[in-house]
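Here the structure is laid out as structure tokens; the discussion comes afterwards.
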Amino acid sequence: MTTYKGTAVSAGIAQGKLLYAESSTNKPEDFCRVQITDSEAEIERLLKACNEAVDQLMVLYDRALENSGPEVADIFMVHSMMLQDDDFLDGMRNLIRSANCCAEYAVMQVSKQFAADLAESGSAYIAERGADVTDVSKRVVQILQGQPTDLDIGHDDPIILIAEELTPSQTLMFDRSKLLALVSCKGSRTSHTAILARSLGIPAVISPEIKLCPELTGKLCVVDGLEGSVIIEPDEKALKDATKKREAYDNEKKELETLKDVEAITSSGQKVKVYGNAGNLEDIEAIVSTGGEGVGLFRSEFMYLGRATLPSEEELTEVYTEAAKKLKGRLLVIRTLDIGADKTAPCLPLQPEENPALGIRALRLCFECPDVFMTQLRAILRASVVGNVAVMFPMIIALDEIKSAKDTIKKAAQQLEKEQVAYAMPKEVGIMIETPAAAVISDILAKEVDFFSVGSNDLTQYTLAIDRQNERLEKYCDVHHEAVLRLIEMVAENAHKNGIWVGICGELGSDFELTERFVKAGIDELSVYPAAILPLKKRIRGL
Ligand code: PEP
Ligand code: MG
């Protein structure tokens, strides 16, 4: 039994088998060049492993098709095609014959060469396929070495996903109902692994101490997302303790359910709207079923992540319409596309940048890709026919950006009008306050919008100059930093002076130590991950 301490970033206790998710950005390992005597037998060994890898990839394709749709599944199809590519296979065969080297060495050498050639193509999209070559090669090497792969745990087994750092698109590959917990070595409370875990209502711990290796797959593990620990191969006593703790936690959750249909009103009569943050349609169901009064942040990126092609207007319209319908008249705040920094999508290749978090992300990317932005806005307008829909723009720093974004909404409406396609204007247009610039000029920006929603994750990152993805900076990151709290108070004051409402949709909204201060500042709405809705109602009612 090995116990690792870490940071609890999503509450709960889980126990189950680990599945190690290899980071696709990892460089292939170097394998010793073992001299062999029978090159034809070695080639046979290699081809057998390649065939087995193709079989595995086909199983993964079917799973992804069922869980995440054809766009994600296609990634596995591309991987399997690589293993049947004559150039790739000939490269390995020739190397084994000419150098009398082992199959593992040949796989890694040839894949390195392929990845390097792709990197030189000049296209970011093609260069990213280098990661696919690396992924495929690792699978073949794992098979050659008799190591467990991600398929060694059956489809029906629930799993605890462990990785150096889980990318949002990686987690899309898995059947969400089979995820028991997430463990990563990198990240922070506001990284997207943590946000995803909270939205799924499963525990998550970030522990830089864990030594990662493929052999972790299949090992029993306890993830304590209350205290922040990960126990690998727990003994009987640790398992018993975990079960007891989980039962107590579940009982507490049941008690909270009595608050589902009550409003969050303080003892002095101040009402705060409690909304939920959603990253997909299932989250919306969870928000409605846990008594959320609306969706304060619909992270629309999920339709783009992990996809090789852009979603069509029809697809987006369908999903937004479905979301609006599920909410039955409650407000649905759709945040326009926020790709960039740690959220990358193959369908929207980004140029490499020195500082992606300070680079072309969110609205800036939408302005650079006007067709993508227009398609999304048209879909939002079309979905507005059936529900109470608001649009929210992320990463604002200036008034002109809001004006241009609103102009694009008008243009979208004109186009739809001309084409006689049914649409409605969004009920409200708001912005996220997630840069110090926007907070400081919030008095000016308030005149142009219907509401503000504070994105405290990015507001903290940019105010404190602390990369939210870098766990080494955690010790500098005072999440209650007075600078951020004063900015939020200032934003609330400016909003109210100008007659608009203000909410918080970043993770600080569910930080119960701050609830009283936010209520005093007059925050009108708090939008939190679904599992925090009921505890937050309880907290506000206790004030
Ligand atoms: C935020 O920055 O607080 C926010 C809600 O946006 P995201 O976490 O998606 O960047
Ligand atoms: Mg943000």
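The values are calculated or read from the model by the stated rules, or taken from the named source; none is laboratory data. None of these values were measured; they are calculated from a predicted model. Heads up, the Cβs are rebuilt from the backbone with ideal geometry, glycines too, and the neighbour counts pull from every protein chain shown. The area values use the complete protein model at the heavy-atom level, side chains included, leaving out ligands, DNA and RNA. Shrake-Rupley method; radii C 1.70, N 1.55, O 1.52, S 1.80 Å.
Let's see how each residue does on (1) within 16 Å of ligand 2 (Cβ to nearest atom); (2) under 27 Å from Thr193 (Cβ atoms):
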position: Lys273; (1), (2): no, no
position: Ile287; (1), (2): no, yes
position: Asn355; (1), (2): yes, yes
position: Ser384; (1), (2): no, no
Qualifying positions in region 404-437 - over 13 Å from Arg382 (Cα atoms) and either in contact with a His (Cβ under 9 Å, 6 or more places away or on another chain) or hydrophobic (A, V, I, L, M, F, W, C) (or both): Ala405, Val429, Ile431, Met432, Ile433, Ala437
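So if I check each of Glu513, Glu434, which one is at pLDDT 95 or above, acidic (Asp, Glu) and closer than 30 Å to Glu209 by Cα?
On the way: Glu434 fails: closer than 30 Å to Glu209 by Cα.
Answer to the selection: Glu513.
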Out of Ala405, Ala437, Ala424, Ala446, sole residue that is open to solvent by 10 Å² or more (accessible area, probe 1.4 Å), assigned to a helix (DSSP H, G or I), of a type in the set (A, V, I, L, M, F, W, C) and more than 13 Å from ligand 1 (Cβ to nearest atom): Ala437
Single residue of region 457-471 satisfying the filter (farther than 24 Å from Ser404 by Cβ and in contact (Cβ under 8 Å) with a residue 60 or more places away in the chain) that is most open to solvent (accessible area, probe 1.4 Å): Asp467
Residues that are farther than 13 Å from Leu459 by Cβ, hydrophobic (A, V, I, L, M, F, W, C) and within 13 Å of ligand 1 (Cβ to nearest atom), drawn from region 478-521: none
Criterion violated by Leu239 - all others in (1) farther than 26 Å from Leu19 by Cα; (2) surrounded by fewer than 20 Cβ atoms within 10 Å (Cβ to Cβ) satisfied: (1)
Which numbered condition Cys102 misses (of (1) under 25 Å from Cys213 (Cα atoms); (2) surrounded by fewer than 13 Cβ atoms within 10 Å (Cβ to Cβ); (3) at pLDDT 90 or above): (2)
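Tell me whether region 527-541 contains one or more residues that are within 13 Å of ligand 1 (Cβ to nearest atom) and open to solvent by less than 40 Å² (accessible area, probe 1.4 Å). Show your work before the answer.
First pass over region 527-541, keeping only residues within 13 Å of ligand 1 (Cβ to nearest atom): 527-529.
With open to solvent by less than 40 Å² (accessible area, probe 1.4 Å) added as a condition, the list becomes 527-528.
Looking for residues that are within 13 Å of ligand 1 (Cβ to nearest atom) and open to solvent by less than 40 Å² (accessible area, probe 1.4 Å), one finds at least one in region 527-541, hence yes.
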Val389 being closer than 23 Å to Val319 by Cβ, of a type in the set (Val, Ile, Thr), open to solvent by less than 40 Å² (accessible area, probe 1.4 Å) and in the same structural domain as Gly522 (by TED's automatic domain parsing): yes
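Residue by residue, here is whether (1) in contact with a Gly (Cβ under 6 Å, 6 or more places away or on another chain); (2) modelled with pLDDT of 95 or more; (3) over 23 Å from Tyr462 (Cα atoms); (4) exposed (fewer than 15 other Cβ atoms within 10 Å of the Cβ) holds:
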residue: Tyr320; (1), (2), (3), (4): no, yes, yes, no
residue: Arg330; (1), (2), (3), (4): yes, yes, yes, no
residue: Asp342; (1), (2), (3), (4): no, no, no, no
residue: Leu350; (1), (2), (3), (4): no, no, no, no
residue: Arg361; (1), (2), (3), (4): yes, no, no, no
residue: Ser384; (1), (2), (3), (4): no, yes, yes, no
residue: Met395; (1), (2), (3), (4): no, yes, no, no
Subset of region 494-523 [away from ligand 2 (no atom under 16 Å from the Cβ), farther than 23 Å from Ile444 by Cα and in contact with a Ser or Thr (Cβ under 8 Å, 6 or more places away or on another chain)]: Val519
